[in-house]
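The values are calculated or read from the model by the stated rules, or taken from the named source; none is laboratory data. Computed from a predicted model, the values in this text were never measured in an experiment. Here the Cβ positions follow ideal geometry from the backbone for every residue, glycine too, while neighbour counts run over all protein chains shown. Side chains are part of the model used for accessible areas, which takes the heavy atoms of the whole protein and leaves out ligands, DNA and RNA. Shrake-Rupley method; radii C 1.70, N 1.55, O 1.52, S 1.80 Å.
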Amino acid sequence: MRVVLQRVSKASVQINHEINAVMREGLLILLGIETEDTQEDIDWLCNKIVKMRIFNDENDAMNLSLLDIDGDAIVVSQFTLHASTKKGNRPSFIKAAKPDIAIPLYKKFIEKLEKSLGKPVGTGEFGADMKVELINDGPVTILIDSKDKS
């Protein structure tokens with residue numbers, strides 16, 4: 001399971017010209033799921049995400065977490081995070097989980113993140129053509145892969 005965390009001052013997700021989610025300060029989370037992912041990956045990642053100290057404190061040092069600032073979050077499914085670009089110029093997405101595996105894990109990830117934050121999170125829609133708008137704060141962009149815990 002891979003995530004790209006983007007620290008944002010605001011973000012929104014639009015589907016079919018309608019706003020599906022909107023948020024203020026917090027994290028826009030792009031989530032890529034592969035076939036081998038489990039609840040253990042979800043638990044580890046959600047714990048890491050809510051405690052990641054990437055928000056500025058009163059001294060402008062990145063010492064605060066999403067929990068510390070009571071920040072918001074939007075989770076957007078992003079199968080392209082598992083693109084393989086080793087051969088040729090057309091990416092292969094063979095490692096990305098098919099919908100029958102990915103959708104339940106996507107929903108469990110959202111449920112776990114909401115429980116960890118103690119509030120609802122915004123979402124995209126799995127498989128939909130989405131327009132994501134954000135103001136990247138910093139910019140701060142972090143990539144985390146649950147298969148690379150060392």
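Side notes on the structure shown:
- With a simple spin-label model that places each label point 7 Å from the Cα along the Cα-to-Cβ direction, the separation between LYS10 and ARG90 comes to 4.1 nm.
- For the chain, the 222 nm mean residue ellipticity estimated from helices alone, with every DSSP H stretch of n ≥ 4 adding -39500 (n - 2.57) and the total spread over all residues, rounds to -7500 deg cm²/dmol.
- For the chain, a Gaussian network of Cα nodes joined below 10 Å ranks GLY124, GLY32, GLY88 by mean-square fluctuation, and the top entry is GLY88.
- With every protein chain in place, the chain: carbon and sulfur % of accessible area (1.4 Å): 49
- Centroid-to-centroid separation of the stretch 6-54 and the stretch 85-150 [C-alpha atoms, Å]: 6
- Relative to the longest principal axis of the Cα atoms of the chain, helix 99-117 runs at roughly 10 degrees.
- Taken about its Cα centre, the chain carries a charge dipole of roughly 540 debye when the Cβ of each Lys and Arg holds +1 and the Cβ of each Asp and Glu holds -1.
- Solvent exposure of the chain as accessible area per residue, Å², 1.4 Å probe: 57
- In a fully extended conformation the segment linking LYS98 and ILE135 would gain 10.3 nm over its present Cα-Cα distance, using 0.36 nm per residue.
- Relative contact order, percent, the chain [alpha-carbon distance under 8 Å, six or more residues apart]: 38
- Computed over the stretch 21-150, Cα set: Rg, Dmax in Å: 15.3, 48
- Max mean-square fluctuation residue, GNM over the chain, Cα-Cα springs under 10 Å, options ILE110, ILE29, ILE15: ILE15
- Ligands, DNA and RNA excluded, the heavy atoms of LYS10 present near 110 Å² of accessible surface to a 1.4 Å solvent probe.
- Electrostatic bookkeeping for ASN20 treats Lys and Arg as +1 and Asp and Glu as -1; over the other residues with beta carbon under 10 Å from its beta carbon, the sum is -1.
- Kirkwood hydrodynamic radius over Cα pairs of the stretch 84-128, then Stokes diffusion coefficient at 4 °C and 1.567 mPa s, in µm²/s: 102
- Ratio of the Cα radius of gyration of the stretch 1-80 to 2.2 N^0.38 Å, where N counts its residues: 1.19
- Cross-link partners of LYS119 among aspartates and glutamates, defined as those whose alpha carbon lies under 12 angstrom from its own and excluding same-chain residues fewer than eight positions apart: ASP70, ASP72, GLU111.
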